[in-house]
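**Student:** Please see the structure below; I have some questions.
Just so it is clear, none of the values below were taken in a lab; they were calculated from the coordinates. Predicted model only: the values in this text are computed from it and were never measured. For neighbour counting, all protein chains shown are included, and Cβ atoms are generated from backbone atoms with ideal geometry for every residue, glycine included.
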Amino acid sequence: MLGRKAGRRAESQLLAVREDSVEYGMLSQELFLRLLSLERKRTERSGRRFVLMLLDIGNLLKGARSSVMTTLQAAIIQSSRDTDLKGWYKNGSVIGVIFTEVGATGEKSIVHVLSNKVTASLYGVLSIQEINEIRLSFHVFPEDWDERDPVGPVKATLDPMLGNKRMKLEFGAKRMLDIVGSLTGLILTLPLMLLIALAIRWTSKGPVLFRQVRVGQHGKQFTFLKFRSMYVNNDPRIHEEYMKRFIVDASGADQTTASQHTIYKLTADPRVTPVGRFLRRTSLDELPQFLNVLRGEMSLVGPRPPVTYEFDLYKPWHRQRLSAVKPGITGLWQVAGRSRVKFDEMVRLDIRYARTWSIWLDIKILLHTPGAVFSGNGAC
């Protein structure tokens, strides 16, 4: 309730300055991007989709800027509603229109109708030569959220941190920390990893490393590495069914220990080997992920990357945990509660981390991780 009130308050504040931020009938870039971010947060909760149309006008504004903008403004107004938001996606070169509350029809149908409407309006006021200067694209949210969306700048506006120059510098520092930290980790733990590899080979049949497709930042898939902790040819449906209960109906995934502490993690898994149980309890099975970090697929600190069938169960707002930062080996939820945290609480911790992220927070989490692991706080 407080979140909705805050959202309405923020929206009122933005709309209050709307009149002062209009040039040629277009909202300023700053205000438009803030409204786009606000619309994204609203649709993540409501599930009602919106469409972002980008109109790249190229060099049309060179020369007779005023007359061209008047013409474009007329075409955009004719093909949109009063409730749709129109503004500069990129000052002077890309116009954005947010078509809100587009309904439950199919994604292709929505884009087809809007494309025909806008194109007809443009052909009515512009010459063929001017039309050829324009690039038109549509992006449906939340369906058009992941790697299927090839347009990088769209992700930057749906996740405003990515478009901030200061944040780019800080993310560069985060990447340097990842490279130095993963290289150091690989060098220091190499003897231990060799011993673990031998133990796995001697005690069960199968490869030393477990490879699995996971979902990373913006829905991009990658091959996730761990030391194998299970018997080969095991039944994945055990974990799939558990994750359905954990994500969709968390109460059905509760497991209570002898000390009556609720644990939200699959325990007594018959697929796990004796060596694997020790590796999981100490988190030593995660050591090969230093290679994922070195390759740039993961970070030292960030949300844990889900398996594809987990990701398919996500609500739109859950996907925020994979938007602003790369997945990590450790994160805020691991040091705050680990497997004693319910799924929605885990997502909120990941979102809080993404919104308050700094290089110092990463270092703090890294320093607290060994204590959380060795204390066994929620580890299974």
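**Student:** Count charges around VAL347 for me, please; just the other residues with Cβ under 10 Å from its Cβ, Lys/Arg as +1, Asp/Glu as -1.
**Tutor:** +3
**Student:** Here's a follow-up. Suppose R0 equals 45 Å; then what is the FRET efficiency for VAL113 and ASN234 from their Cβ-Cβ distance, rounded to the nearest 0.05?
**Tutor:** About 0.40, to the nearest 0.05.
**Student:** Shifting gears a bit: Under a plain spin-label model, where a point goes 7 Å from the Cα along Cα-to-Cβ, how far apart in nm are ASN132 and GLU170?
**Tutor:** 4.6 nm
**Student:** Here's something else I'd like to know. Return the Cα extents of region 166-375 along principal axes one, two and three, sorted largest first, each rounded to a whole Å.
**Tutor:** 49, 42, 33
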